[in-house]
Every structure is written in C-alpha cells, then in structure tokens.
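**Q** Dropping the structure in here first, questions after.
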Protein chains: 2
Amino acid sequence: MPIPAAASDALARLLGSRFSQAQADRDLHAQSETAHAAPPPDAVAWPLSTDEVSAILALCHEHRVPVIGWGTGTSLEGHALATQGGLVLDLMRMDRVLDIRPGDLQADVQPGLTREALNQDLRATGLFFSVDPGANASLGGMAATRASGTTAVRYGTMRDNVLALQVVLADGRVIRTGTRAAKSSAGYDLTGLFVGSEGTLGIITELTLRLHGQPEEVAAAVCAFPTLDAAVECVTMTIQSGIPMARIEFVDADAARAFNAFSGAALHEQPHLMVEFHGSPASVAEDARRFGELAAECGGQGFDWATTPEQRAQLWRMRHGAYRACLALRPGATAVVTDVCVPMSHLPEAVAAAAADIRAEGLLGPMVGHVGDGNFHSQILVMPGDAAELGAAKRVALRMAERALAVGGTISGEHGIGIGKRPLMAAQHGEALGPMRAIKQALDPHGIMNPGKLIPD
Amino acid sequence: MPIPAAASDALARLLGSRFSQAQADRDLHAQSETAHAAPPPDAVAWPLSTDEVSAILALCHEHRVPVIGWGTGTSLEGHALATQGGLVLDLMRMDRVLDIRPGDLQADVQPGLTREALNQDLRATGLFFSVDPGANASLGGMAATRASGTTAVRYGTMRDNVLALQVVLADGRVIRTGTRAAKSSAGYDLTGLFVGSEGTLGIITELTLRLHGQPEEVAAAVCAFPTLDAAVECVTMTIQSGIPMARIEFVDADAARAFNAFSGAALHEQPHLMVEFHGSPASVAEDARRFGELAAECGGQGFDWATTPEQRAQLWRMRHGAYRACLALRPGATAVVTDVCVPMSHLPEAVAAAAADIRAEGLLGPMVGHVGDGNFHSQILVMPGDAAELGAAKRVALRMAERALAVGGTISGEHGIGIGKRPLMAAQHGEALGPMRAIKQALDPHGIMNPGKLIPD
C-alpha cells in the first residue's frame with residue numbers, strides 16, 4: 001500500500017528535499033547484511049530534529065503509514081527493513097554530541113551518532129563509551145536493539161549504559177525517560193522498555209549514555225586451544241573464578257582460518273580465545289596471571305600478547321571483521337547468523353552441540369562468541385537461492401535456539417528479534433507475549449511503528 | 001467499600017484459615033514506618049503458592065477488589081497500605097529458596113524470603129546476594145520497589161540483580177519474564193518493567209537473582225571530616241577517580257550523635273564517611289591507599305579500620321540502624337524521609353542546600369546517604385499531630401526534590417513512589433506519565449493492583 005498522497009504531500013512540504021520517493025533512495029534503504037528479503041520502502045525521510053520526527057510521526061499516525069527507523073543498516077535480523085512498505089526514517093543526519101559531562105561520566109547524543117564517532121569526541125576526556133557490537137553502529141540503533149558485544153562481560157550492554165532517552169511516540173508526542181542520576185526508583189522503567197523495543201514503540205531522538213574511565217593499563221592476548229571443548233571450558237572456569245575480564249572472545253578453527261585468509265592473521269587453525277584485561281598495572285598483571293593459569297590447565301598455549309595500542313587495535317579489528325572474513329570463506333555466500341545465549345554452566349555443552357549439528361548437516365558455519373556472557377554465534381554460510389541449504393541452516397539455527405531455551409537461555413543474546421527470530425518468540429515467552437502485545441497496542445494503537453517486527457502475529 | 005460476600009466466601013473456601021477478615025489481622029497490616037496514615041485493609045490472605053496467588057487475583061479481578069502485596073512492611077513510602085481498602089496479600093509464607101546454581105551465580109527464590117535468610121543459605125557456596133537496603137526486607141518487596149542501598153555503588157540495584165521473574169497478572173494469568181542467561185535482546189524487557197512497579201502491574205511470585213562471589217579480602221573504615229562539604233567533596237572526587245568502592249556512605253553530625261546515643265558508638269559529632277573495599281589483598285590495599293590520599297586532601301582524619309568480620313558487622317549494623325537511631329534522637333517522633341538522587345557533580349551543592357534548608361526551617365533532620373550513587377536522605381523528625389512541623393518538613397522535602405529535578409536528578413533514588421512521592425511524579429516525568437498510565441491501563445484494566453500508588457490520579 002503506497003503512502004497516501006495527503007501524507008506524502010504534507011511530508012514533502014515539511015521536509016523539502018529531505019523527503020524522497022525516488023527509487024534510488026528507496027533502494028539504498030532496502031539492504032540487509034543477512035539472508036532476509038529486503039524490499040524497498042515507499043519513501044525515505046531524513047529528519048534533522050526531534051520536532052521534525054514528531055511532526056512526521058503525527059502525520060504517519062493520522063494516515064496509518066508504517067514508520068521504520070534506520071541507522072547504519074548493520075542489523076543482522078532485518079530490523080530496519082520495510083517489509084510492509086511505508087516510510088523509512090533515516091536518522092543519520094541527527095548525529096551530534098549534545099553534551100559531555102565528564103564529572104558525571106555521561107554524554108548526551110543524537111541517535112545517528114555512531115559509537116566510534118562518540119569515542120573520537122571523548123578521547124581528550126579520559127573517558128570512553130564501552131558498548132562495542134563490532135559494527136560502527138549508530139547509538140540510536142544500538143539502544144533500539146539492546147546491543148552489546150565484546151565488552152559487555154565487564155561494562156554491560158546497552159541496557160546498562162543508557163540512562164535516559166528522549167522518545168517520540170507513535171502519535172508524535174515527545175517524552176523523556178530516565179534521569180541523569182545513577183539510579184532511580186521513581187515509576188516504571190520506561191528507559192528499559194524502549195531499549196530493545198526495536199522501533200516498535202517509538203523513535204529514540206536523544207540518548208544519555210553512561211561513560212567509563214579509560215583504564216590505566218590494558219593488556220590483550222590471543223591463545224590457542226587443542227579443542228573447542230577445552231577453549232570453552234576455560235571460559236566457564238574463568239568467569240566462575242571471578243576474574244574481571246574486560247573481554248573474553250571465542251573463535252573456532254574455521255573462524256581462525258577466515259582471519260588468516262581475510263585479515264592476514266597467522267593463527268593456528270585451531271580454536272582460540274581472545275582476551276583483554278583492564279585496570280591498574282598491578283591488577284592487570286594479577287588478572288593476566290590467574291587467567292594464564294586456568295588457560296594452561298585447559299591446554300591453552302602460545303599466548304600472543306598485543307602490547308602496543310596499535311597491536312591491540314589490530315587484534316580487535318580482526319575480531320570485528322569476523323563477519324566479512326567468514327563470508328569471504330565462501331565467495332558469493334550470504335549468512336544465517338545464530339545468536340543464542342545460555343547460562344555459563346551450560347556453555348560448553350551448548351557450543352559442542354552446535355558444532356556437531358553444523359557438521360552433521362554438512363554446513364560451513366564458523367563460530368565466534370562473546371562467551372564471557374554465554375553468548376555465541378554461528379555464521380552459517382549459504383548460497384543465495386539454494387533452498388535446501390537455507391533450509392538446513394535454518395534447522396540448525398532452530399535446534400540451537402531450542403537447546404538454549406531448554407537450559408533457561410535466550411534465542412537472542414544481542415542481535416534482537418527483528419524478522420528473523422519472530423517465529424521463536426512464542427517458544428521463549430509463552431504467556432508473556434500477552435503483556436508485550438498489550439503494551440504495543442497501548443502505545444501504538446494503529447500499529448504504525450516498525451510493523452512486522454519483534455512481536456509475532 | 002468492603003469486599004463483596006461472593007468474593008470473600010470464595011477466598012475463604014480457597015484458603016481456609018489463611019484468609020482473614022479479623023480486626024487483629026487487618027490491624028497487623030495497617031502499619032507504616034513513616035508518617036503516612038495507615039488504614040487497615042478489609043481482609044488479609046496468606047497464599048502458599050503461585051497457583052493460589054493466581055486464583056486469588058482472578059477472583060479479585062472478577063469482583064473488582066483491590067489487591068495490595070505485603071512483605072516485611074518496611075517500605076518508607078506507604079507502598080503496602082490499603083488506602084482504598086481491599087485485600088492485603090501477605091506473601092511471607094512463600095519464603096523458600098527454590099534453587100541455587102553456583103556455577104551460574106544465580107538463585108531462584110520465592111518473594112517472601114528475606115535477603116538475610118538468602119545470604120544465610122548462601123554461606124557455604126562462597127557467594128552472596130549483594131543488594132542491601134538496610135532493613136531485612138523481603139526479596140519480592142525489594143524487587144517491587146527497585147530497592148538498592150549501601151552496596152549499589154559496586155554491585156548495582158535490584159534492576160541489575162534480578163534476571164527473571166514469575167509474575168501473576170491482574171486477571172490471574174501467570175507469566176515468566178527474563179531468562180537465566182546473562183543478557184538477552186529478545187523482546188520487551190518485562191523484567192525491568194515489573195521491577196519497580198510497586199505491585200501496580202502484578203504480583204511477583206518467583207525471582208531469579210544474580211549472585212556475586214564473596215570477595216577474597218574486605219576492609220572497612222570510618223573517617224571523620226571537618227565539614228559536611230569536605231566529606232561530600234571527598235565522595236565526588238573518589239567516584240570520579242574510578243576507585244571501585246564497595247560502599248561509600250555519608251553520615252552527618254546529627255546522625256553521628258544518634259549512633260553514639262543509640263548504638264553505643266564513640267564517633268566525633270562530625271560528618272563521617274563509612275567505606276568498604278572488596279577485592280584481592282593487593283587491590284584492596286591499593287584502593288584503600290588511593291582513597292586515603294583523597295580523604296586526606298579533603299581534611300579527613302582518624303581513620304578507624306574495622307579489621308575483623310565482627311567489627312565490620314558492627315559498623316554496618318550501626319549504619320543500618322540509622323533510621324531507628326535517628327528516631328530515638330527525639331522520643332515520640334515520626335519521620336518524613338527524603339530520598340533524592342543527583343548526578344555526582346551536583347552532590348556537594350545538593351547536600352549543602354538541603355542542610356541549610358533544614359536548619360532554616362528550625363527542623364532536626366539527620367542526613368545519611370548512599371552518596372557513591374549521588375543518593376542521600378534526610379530523616380526529618382516531626383511530632384505526630386503537629387501540623388505546622390509536618391508542613392515545614394514537607395516543604396523542605398519538596399524543595400529538595402525540586403532542586404534534584406533542576407539538575408537532572410530523581411525524586412526517589414531507592415525508596416520508590418508509593419503514596420508519599422506521587423504528588424511529584426508529574427514534575428519528574430511530565431508527558432512520560434502518559435505511557436505509564438497507558439501501560440497500567442493495559443495490564444490492569446480494572447485498576448485493582450495496589451490502587452492509589454505510584455501513578456498520580
């Protein structure tokens with residue numbers, strides 16, 4: 001259903017050339033990183049202010065036009081795809097740092113600012129924004145999808161690092177949630193409700209983020225393990241022992257091979273852990289020593305320390321490039337990416353079962369993971385158009401999710417639901433889908449906010 | 001409006017002697033720690049299971065009977081008072097530890113279990129539950145009010161330490177929220193929504209809590225400062241410097257006097273900080289040294305170290321007894337307790353302005369605070385029936401709240417809204433009250449869940 005003329009005329013009057021129904025603009029917003037079908041929206045708008053977002057939503061509410069928020073387009077679950085047509089709201093021109101308050105360890109930003117741009121701005125302050133999903137994603141998108149990544153094991157996810165929001169509701173009303181205080185027990189936690197709501201309840205137009213002091217000392221290393229089991233067992237022992245890891249990332253032998261081919265790494269084609277320690281020189285040395293002992297017990301060997309900032313940057317660039325590197329293992333392939341997260345004691349069995357299942361289906365699915373949280377991914381490579389392969393990949397993904405649910409885990413540790421995980425929502429939430437639907441209905445009665453995402457039909 | 005006979009007959013059939021309309025039972029549930037009027041409910045029920053809570057709520061939903069959850073009755077904002085009559089649901093017989101999973105650092109508990117009872121059960125595991133509001137409160141009540149306390153600066157509040165819930169909704173439906181995984185991005189954060197909802201959206205019948213490893217080394221100390229400003233300035237510097245304090249508590253000269261009189265302490269009648277460090281022996285020594293340097297810069301002196309577990313227990317028992325100790329400063333008095341929380345950089349001015357205002361009104365209002373979070377309390381002592389004094393205390397409390405809001409803080413850091421802070425909700429949340437009301441209406445259409453609390457009329 002195209003946008004009614006009354007709405008598109010009003011939007012054009014409001015936004016001028018920042019409203020477009022041109023095919024080229026629509027196609028630019030019809031891209032997915034993963035195997036989801038990506039139809040173009042009917043139109044694209046580039047607002048510059050909260051007032052404009054409010055006016056746009058009021059119009060779309062009146063005319064029942066779907067509204068889909070768009071950031072960097074790096075979602076892996078098709079969150080920003082206009083599967084029911086409508087208007088894509090591209091927030092990337094709202095990309096300013098509004099305020100940095102070093103004494104409060106806080107920054108106020110617009111949603112289109114990326115995490116790397118924020119960290120550039122913070123350099124002189126001695127502070128940094130910790131959440132790091134790999135992609136240089138927009139902070140609004142990261143909040144909307146409750147992103148996390150490599151450092152969540154130490155500094156938390158977006159849930160923990162968003163203190164306050166400005167949100168435009170479906171009908172154009174503008175609200176502020178949360179406060180600048182470190183904690184609050186004043187009413188319903190609307191900030192927590194909008195974080196992870198994937199644009200289905202409103203559009204985030206400002207964020208107050210928690211910052212952290214740059215650690216005095218940082219040390220990073222990569223270490224090889226003889227088997228996948230040994231590497232994962234080392235993670236579980238490390239977390240249970242309480243060593244305050246800043247990062248602890250798992251990489252399987254296929255992923256190591258991909259890094260060698262794509263990033264010029266020289267890793268043994270074995271499972272690895274990539275670790276980082278933050279703290280004072282003394283505490284980093286102690287943490288590294290304790291971790292080293294546990295790794296040795298598990299057969300870890302060949303610690304390769306990244307001692308300079310440049311070496312560390314290279315190490316994490318390699319890790320962050322995992323998605324592209326693994327795709328390159330099979331030219332022309334796209335990916336079905338899994339994202340389960342399980343309680344720590346179940347991590348070894350969950351990773352082992354996934355690996356066995358991928359092998360049994362004859363698939364290539366390199367595995368990486370933020371295993372300090374119990375979160376791991378398989379990136380199952382499938383050729384576009386090969387229905388049998390796609391079916392096999394989806395079966396594997398489904399069984400991973402089912403096994404995660406059976407031990408009290410979640411179908412999504414950090415990628416969110418979007419389109420891809422909707423069929424699993426009932427299995428995870430059961431009766432709790434009822435209140436989710438009631439909240440959606442209460443805040444978006446016409447169902448214009450990112451329809452077809454998160455909540456199953 | 002008394003409970004309709006059809007409802008009370010059905011409740012009596014369901015619960016036998018665990019349903020009572022006797023005056024003595026009603027009066028036992030008509031008590032407030034603070035200056036709120038405390039009318040008795042029409043009846044009291046003591047359920048033993050989730051199924052019973054579900055059946056009770058279904059009946060009350062059908063017959064439009066208000067339902068008020070009750071734990072230890074230690075709320076300071078009248079949360080559990082039956083201000084509109086109805087049924088008090090006393091959850092204290094649902095007090096079991098259901099499961100402890102040391103490898104996952106988790107425990108499942110029923111809502112009537114108290115935090116001290118849980119920590120007793122955890123002793124042999126080397127783990128502890130961190131949230132510590134002072135009172136030996138029920139864990140269900142702590143979740144419902146988003147409690148925090150002395151250790152939140154290090155380990156977080158109930159928001160951070162509740163992973164999953166079982167909740168009975170207003171109409172008796174039973175849902176599970178959250179998972180046992182360390183993080184999840186699968187749908188709306190219902191756990192976060194129910195934590196802090198003060199019984200207005202449903203009744204919590206099970207909690208999955210995050211546990212922490214007992215620190216290898218603990219050190220605690222109390223230190224005197226020449227002025228209130230100096231003590232608070234030291235807190236701000238400490239937090240900004242990133243020293244990982246396990247506790248950092250402020251006590252003013254009046255509170256020190258109360259501890260001397262009531263707890264047999266021998267403090268100078270000056271402002272003090274009470275601090276605690278957790279970690280390895282080396283890190284505790286380093287943290288204590290760095291804190292000591294900052295304290296000395298601010299004029300702190302006379303560090304009194306509590307080196308044995310017994311001495312530490314005595315120190316924190318004294319701190320936790322602050323409420324009773326301060327009440328005893330003025331026999332017969334009750335209290336208006338304030339609970340603002342401000343961004344760290346505004347803490348010194350906020351505490352100083354509050355102290356000046358209390359003095360200017362001629363009131364006695366000892367101050368204590370979880371100042372590492374920017375959260376502080378004045379316990380303004382008023383004689384019951386003295387309307388002028390109560391009016392003055394409320395004016396002071398209002399101005400503290402207004403000043404907190406003016407710098408982006410909150411009207412309640414940890415005590416919640418209940419009855420007492422409802423008149424301030426509009427000032428804090430503005431338009432965001434709209435979605436709060438919509439959510440309440442969506443989940444509790446007949447308004448039976450703890451009516452008259454949290455959301456203003």
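**Q** Tally Lys/Arg at +1 and Asp/Glu at -1 over every other residue whose Cβ is under 11 Å from the Cβ of B:Glu233; what's the total?
**A** -3
**Q** Would you work out the relative contact order for chain A, in percent, from Cα pairs under 8 angstrom that are 6 or more residues apart?
**A** 16
**Q** Antiparallel versus total DSSP beta bridges in chain A: what percent is that, nearest 5?
**A** 85
**Q** Once the other residues with Cβ under 12 Å from the Cβ of B:Ala6 are scored (Lys, Arg +1; Asp, Glu -1), what is the net sum?
**A** Here the charged neighbours net out to 0.
**Q** Return, in residue-number order, each cysteine of the protein assembly as shown whose C-beta is not under 4.7 Å from any other cysteine's C-beta.
**A** Flagged as lacking a Cys partner: A:Cys60, A:Cys223, A:Cys326, A:Cys341, B:Cys60, B:Cys223, B:Cys326, B:Cys341.
**Q** How much solvent-accessible surface does B:Tyr155 expose, in Å² to the nearest 10, with a 1.4 Å probe and all protein chains in place?
**A** 30
**Q** If we hang a label 7 Å off Cα along the beta carbon direction at A:Gly126, how far is it from the matching labels on the other copies, in nm, shortest first?
**A** 3.6
**Q** Here is a follow-up. Which FRET efficiency, nearest 0.05, do A:Met383 and B:Ser49 yield, Cβ-Cβ r, R0 45 Å?
**A** 0.25
**Q** What is the distance, in nm, between label points placed 7 Å from the Cα along the Cα-to-Cβ direction at B:Glu349 and at B:Glu402?
**A** 1.6
**Q** If you don't mind, another one. At A:Gln23, label 7 Å along Cα→Cβ: distances to the other copies, nm, ascending?
**A** 8.5
**Q** What value, in deg cm²/dmol to 500, does the helix sum -39500 (n - 2.57) over DSSP H runs of n ≥ 4 give at 222 nm once divided by the residues of the protein assembly as shown?
**A** One gets -10500 deg cm²/dmol as the mean residue ellipticity at 222 nm.
**Q** Right, here's the next one. Provide an ascending nm list, one decimal, of label-point separations from B:Phe303 to the equivalent residue in each further copy; define each label point as 7 Å from Cα along Cα→Cβ.
**A** For B:Phe303, the inter-copy label distances come out at 3.1 nm.
**Q** For the range A:330-444, what does the alpha-carbon gyration tensor say about shape, rounded, prolate or oblate, given a ≥ b ≥ c as the root eigenvalues, a/c under 1.5 as rounded, and a/b over b/c as prolate?
**A** Since a/c reaches 1.5 but b/c is at least a/b, the shape of the range A:330-444 is classed as oblate.
**Q** What does the C-alpha gyration tensor say about the overall shape of the range B:217-284? Classify as rounded when a/c is under 1.5, otherwise prolate if a/b is larger than b/c, or oblate.
**A** Judged from the Cα gyration tensor, the range B:217-284 comes out oblate (a/c at least 1.5, b/c at or above a/b).
**Q** If we count every other residue with Cβ under 13 angstrom of B:Ala55's Cβ, Lys/Arg +1 and Asp/Glu -1, where does the sum land?
**A** Around B:Ala55, the charge tally is -1.
**Q** Counting only complete DSSP H runs, which helices of chain A cover 27 Å or more along their long axis at the Cα atoms and score a mean Kyte-Doolittle of -1.0 or above?
**A** Helix filter hits for chain A: A:387-406.
The values are calculated or read from the model by the stated rules, or taken from the named source; none is laboratory data. Just so you know, these numbers come straight off a predicted model, no measurement behind them. Don't worry about glycine lacking a Cβ; one is built from the backbone with ideal geometry, like all the others, and counts go over all protein chains shown. These area figures cover heavy atoms from the full protein model, side chains too; ligands, DNA and RNA do not enter into them. Shrake-Rupley method; radii C 1.70, N 1.55, O 1.52, S 1.80 Å.
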